[in-house]
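S.K.: I have a structure here, written as structure tokens, and I will follow up with some questions on it.
The values are calculated or read from the model by the stated rules, or taken from the named source; none is laboratory data. Since this is a predicted model, take the numbers as computed values, not measurements. Backbone-built Cβ (ideal geometry, glycine too); neighbour counts: all protein chains shown. Heads up: the accessible areas ignore ligands, DNA and RNA and are worked out on the full protein's heavy atoms, side chains in. Shrake-Rupley method; radii C 1.70, N 1.55, O 1.52, S 1.80 Å.
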Amino acid sequence: MDINLIEQFKNREIKAKNIFYIKTIEKRVAKEIVKEFHYLGTKDFMHTVSYGLFDKDTDELLGCAVFGTVGGISTLKGWFGETNENSDNYLELTRLVMNPLLNGTNATSFLLGNAIKNIKKTMKNIRAIISLAESTRHVGSIYQVCNFRYFGMSDKKTDFYGADGSKNKRGSTRDVQGVWIERPRKHRYCYILDNTLEVKYKEEPYPKKDDKLYITCCHGTKIVHDNRFDKYY
């Protein structure tokens, strides 16, 4: 992308619609830009539809918004009191990524806002879109700009990690060396397309940009103490 155009865009001398276009892209294409610019890298994600932000002059892919099925019956039940039988009525924003050259601009909100408009037109069955913002990284300001509603933070949960750093997925931990570590909590956002829909969580005021990030482990030391065996990992 032309650096001069980026500067003009950052200075609001050019509108997003004049230099970008948006179209649906395949998952394999979305995975490439997610791998390059998103902190989760190559980790797989649920995918139903993806929208890419492209440079009008070069057709360069600059960002993408990925929407997938909502993960798990417990999530659907918690949010909407629904079962998996109705999972086709909901989407989750599973990835949102932008080329860092466009940081400090409204390119991401332009992409996300227009992606949602397209979903409204083409996927009439969708009642709501949820998104979870990692509280150790940000408060979800982009969702606030795009008129998502805020429903507080996810419940506290813990995982058991053994002395070798591996996560114990199941089984007794009674005699196993290791520690229980709290998962990072997430900010819950929802864009409601069906105004008759009832969200089970309580709506709350938006968190602020300068709110302290929610650090869950080790107070930044990267060292944990196993009280039962009096060991440090």
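S.K.: In whole Å, largest first, what are the principal axis extents of the Cα atoms in the chain?
M.R.: That works out to 63, 43, 35 Å along the principal axes.
S.K.: Over segment 137-208, consider all pairs of different Cα atoms and compute the Kirkwood hydrodynamic radius from their mean reciprocal separation; express it in Å, one decimal. Could the numbers behind the result be given before it?
M.R.: Values: mean 1/r = 0.0668 Å⁻¹.
Roughly 15.0 Å, rounded to one decimal.
S.K.: OK, next. Give the accessible area for Tyr201 in Å² (nearest 10); use a 1.4 Å probe, count only protein heavy atoms, and leave out ligands, DNA and RNA.
M.R.: My reading of the accessible area for Tyr201 is about 60 Å².
S.K.: Quote the FRET efficiency, to the nearest 0.05, computed for Val176 versus Ile223 with a Förster distance R0 of 25 Å and r equal to the Cβ-Cβ distance.
M.R.: Between Val176 and Ile223 the formula returns 0.85.
S.K.: Let me ask another. With a Förster radius of 45 Å, plug the Cβ-Cβ distance of Asn168 and Lys35 into 1/(1 + (r/R0)^6) and report the FRET value to the nearest 0.05.
M.R.: Between Asn168 and Lys35 the formula returns 0.95.
S.K.: Please sort by residue number the trypsin sites (Lys or Arg not before Pro) in segment 1-43 whose DSSP state is loop and whose Cβ has at most 14 other Cβ atoms within 10 Å.
M.R.: Arg12, Lys15, Lys43
S.K.: Taking the Cα centre of segment 12-97 as origin, work out the dipole magnitude from +1 charges on Lys and Arg Cβ and -1 charges on Asp and Glu Cβ, in debye rounded to 20. List each step's numbers first, then the result.
M.R.: Numbers: 12 positive and 13 negative charges, 31 e Å.
Computed about the Cα centre, the dipole is about 140 debye.
S.K.: Would segment 83-164 count as rounded, prolate or oblate if I go by the C-alpha gyration tensor, calling it rounded below 1.5 in a/c and otherwise prolate when a/b exceeds b/c, oblate otherwise? Write out the running numbers ahead of the final one.
M.R.: On the way: a/c = 2.15, a/b = 1.19, b/c = 1.80.
Taking the square roots of the gyration eigenvalues as a ≥ b ≥ c, segment 83-164 is oblate.
S.K.: Taking 32 Å as the cut-off for C-alpha to C-alpha distance, list the pairs among Lys35/Lys117; Lys77/Lys124; Lys35/Lys231; Lys77/Lys231; Lys117/Lys200; Lys31/Lys121 that go past it.
M.R.: Long pairs (Cα-Cα over 32 Å): Lys35/Lys231; Lys77/Lys231.
S.K.: I would also like to ask the following. Hey, what number do you get for the chain at 222 nm if only DSSP H runs of n ≥ 4 count, each worth -39500 (n - 2.57), divided across all residues, to the nearest 500?
M.R.: -6000 deg cm²/dmol
S.K.: Could you provide, to the nearest whole Å², the per residue accessible area of segment 13-150 with probe 1.4 Å?
M.R.: Heavy-atom accessible area per residue stands at 49 Å².
S.K.: Please state the relative contact order of the chain as a whole percent: Cα pairs under 8 Å, 6+ residues apart?
M.R.: This gives 16 percent for the chain.
S.K.: Ok, one more. Of all accessible surface on the chain at a 1.4 Å probe, what whole percent is carbon and sulfur?
M.R.: Values: 6430 of 13970 Å².
Carbon and sulfur: 46 percent of the exposed surface of the chain.
S.K.: What nm value, rounded to one decimal, do you get for the distance between Asp230 and Tyr206 when each label is placed 7 Å out toward the C-beta?
M.R.: The two pseudo-label positions are separated by 5.2 nm.
S.K.: Take the Cβ-Cβ distance between Asp2 and Thr42 as r, set R0 to 30 Å, and report the resulting FRET efficiency rounded to the nearest 0.05.
M.R.: FRET efficiency, Asp2 to Thr42: 0.50.
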